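First up is the structure itself, then whatever we jot down about it.
Coordinate-derived values only; no laboratory data. In this text the structure is predicted, and so the values were computed from the model without any measurement. Backbone-built Cβ (ideal geometry, glycine too); neighbour counts: all protein chains shown.
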Amino acid sequence: MSEAITTHGLGKTYGNQAVVQNLDLRVPRGCVYGFLGPNGSGKSTTMKMLLSLVRPTSGDVHIMGRQMQRSTRRDLLGEMGSLIEAPPAYVHLTGRENMRLAQRLLDLGDGQVNRAVEVVRLQDHLDKRVRDYSLGMKQRLGIAMALAREPQILILDEPTNGLDPAGIEEMRRLLKQLADRGTTVMVSSHLLGEIDRTATVLGILSEGRMLFQGTREQLFARSVPDVLIDTSDPDQATALTARSGAVRDGDSVRIPGLDHAATAHLVAYLVDRRVAIHGVRREDQSLEDVFMDLTGGRGL
Ligand SMILES: Nc1ncnc2c1ncn2[C@@H]1O[C@H](COP(=O)(O)OP(=O)(O)O)[C@@H](O)[C@H]1O
Ligand SMILES: [Mg+2]
């Protein structure tokens, strides 16, 4: 089965600045795809190209296996809902009035609108003016407007921007729930941790290029976590293993990036030199840690 979104060699140049370069996106159907990268790395430009809001300088876009071109654009855009930049609502109107406008514009049924509002859990807030909504509620209203026509693909550009921790948690839950119902959700963030566990597939962008694309498991498999050795003589153990990049870490010794064989070798070496070892541990890695490995410590 074809992917929800694929691109081949997608690129965008403004003047002589290549802001997106040679991008091969593969977004499987029905997943939450986390599109991560620092500010200015080209996330919004890429999403706008997917939505035909920005014309690519090179490459092509396929949606549900069909190439985006003049003859297919209308059809394919009909499969996509999006929230790009600020939520699209009129703040002097109520949530209900905004939804009604979207309904008329897109020629939607009452059922579609009601379902979308329920998915984002705004049904009890529809008679409030949008200016009195929290940022999280505004984002959810924007998502309801994008959802109402039941798109197969939802493209959300930094929907967690500016939300408080509770709002972020709510957004994560919503994205998961949408993917569980079969919607493909592509969501961007400049903060690695923000959609960390929500996304099952990740694309990591840096300066317009894809640094990594794949599942979380594939990403984590790429990195070798630090090994921590607990010993009664951390100073001596650190000195003995300094060549491996060891540093003292509290009462332990931290040795970066050791695989299983190297760990076994190092422990044998220390035991041989009569260092009393109490424990050997690997730390759980966060997405940030893995990313540091991936970029050779530069981070995002
Ligand atoms: N319309 C434009 N004209 C010129 N440069 C642009 C335009 N839009 C974006 N850029 C530049 O492209 C780069 C990527 O921007 P953007 O796609 O918004 O990144 P992100 O969404 O990851 O923060 C930035 O350097 C930005 O200044
Ligand atoms: Mg952006």
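Inter-part distance, region 100-162 to region 8-31, computed on C-alpha centroids, equals 28 Å. Available extension along the chain between E217 and D251 is 9.1 nm, counting 0.36 nm per residue and deducting the alpha carbon span. With both partners inside region 151-257, how many of the DSSP beta bridges are antiparallel, as a percent to the nearest 5? In region 151-257, approximately 75 percent of DSSP beta bridges are antiparallel ones.
Looking at region 5-221, the DSSP beta bridges with both ends there are about 55 percent antiparallel. Taking a quarter of the surface of the Cα convex hull of the chain gives a mean projected area of 19.5 nm².
Relative to the current alpha-carbon distance between E150 and H92, full extension at 0.36 nm per residue lengthens the span by 18.3 nm.
Number of Lys-Lys pairs in the chain with C-alpha atoms under 30 Å apart and a separation of 8 or more places or on different chains: 9. Rounded to the nearest Hz, the phi-derived 3J(HN,Hα) couplings of region 14-25 under the Karplus curve 6.51 cos²θ - 1.76 cosθ + 1.60 (θ = phi - 60°) are 10, x, 10, 9, 7, 8, 9, 10, 6, 8, 10, 7, where x marks glycine and proline. Ordering of 124-134, 250-260 by packing is 250-260, 124-134, highest average first (other Cβ atoms within 10 Å, averaged per residue). Taking a ≥ b ≥ c as the square roots of the eigenvalues of the Cα gyration tensor, region 195-300 is classed as prolate, since a/c reaches at least 1.5 and a/b is larger than b/c. Given a Förster distance of 22 Å, report the FRET efficiency between A262 and Q236 from their Cβ-Cβ distance, rounded to the nearest 0.05. So, using R0 = 22 Å, E works out to roughly 0.65.
Around I168, what is the net charge, scoring Lys/Arg as +1 and Asp/Glu as -1 over all other residues with Cβ under 11 Å from its Cβ? Charge balance in the 11 Å sphere: -3. Sort region 1-69 into rounded, prolate or oblate with this rule: let a ≥ b ≥ c be the square roots of the eigenvalues of the Cα gyration tensor; rounded if a/c is under 1.5, and if a/c is not under 1.5, prolate when a/b is larger than b/c, oblate otherwise. Since a/c reaches 1.5 but b/c is at least a/b, the shape of region 1-69 is classed as oblate. With the cut-off at 1.5 for a/c, could you classify region 224-284 from its C-alpha gyration tensor as rounded, prolate or oblate? It is rounded, given that a/c, with a ≥ b ≥ c, falls under 1.5. Mean residue ellipticity at 222 nm, helices only, the chain: -10000 deg cm²/dmol; runs of at least 4 DSSP H residues each add -39,500 (n - 2.57), and the sum is divided by the number of residues.
Take the Cβ atoms of D110 and D60, set R0 to 45 Å, and the FRET efficiency comes out at 0.75. Label positions at E288 and D124, each projected 7 Å from the Cα along the C-beta direction, are separated by 3.5 nm.
Placing +1 on each Lys and Arg Cβ and -1 on each Asp and Glu Cβ, with no other charges, gives region 5-221 a dipole about its Cα centre of roughly 420 debye. Sparse packing (at most 14 other Cβ atoms within 10 Å of the Cβ) combined with a DSSP loop state is found for the following trypsin sites (Lys or Arg not before Pro) in region 149-202: R181, R197. Place +1 on the Cβ of every Lys and Arg and -1 on the Cβ of every Asp and Glu in the chain, take the dipole about the Cα centre, and give the residue among S252, P225, L135 whose Cα lies farthest towards its positive end. Sorting the options by dipole projection puts first L135.
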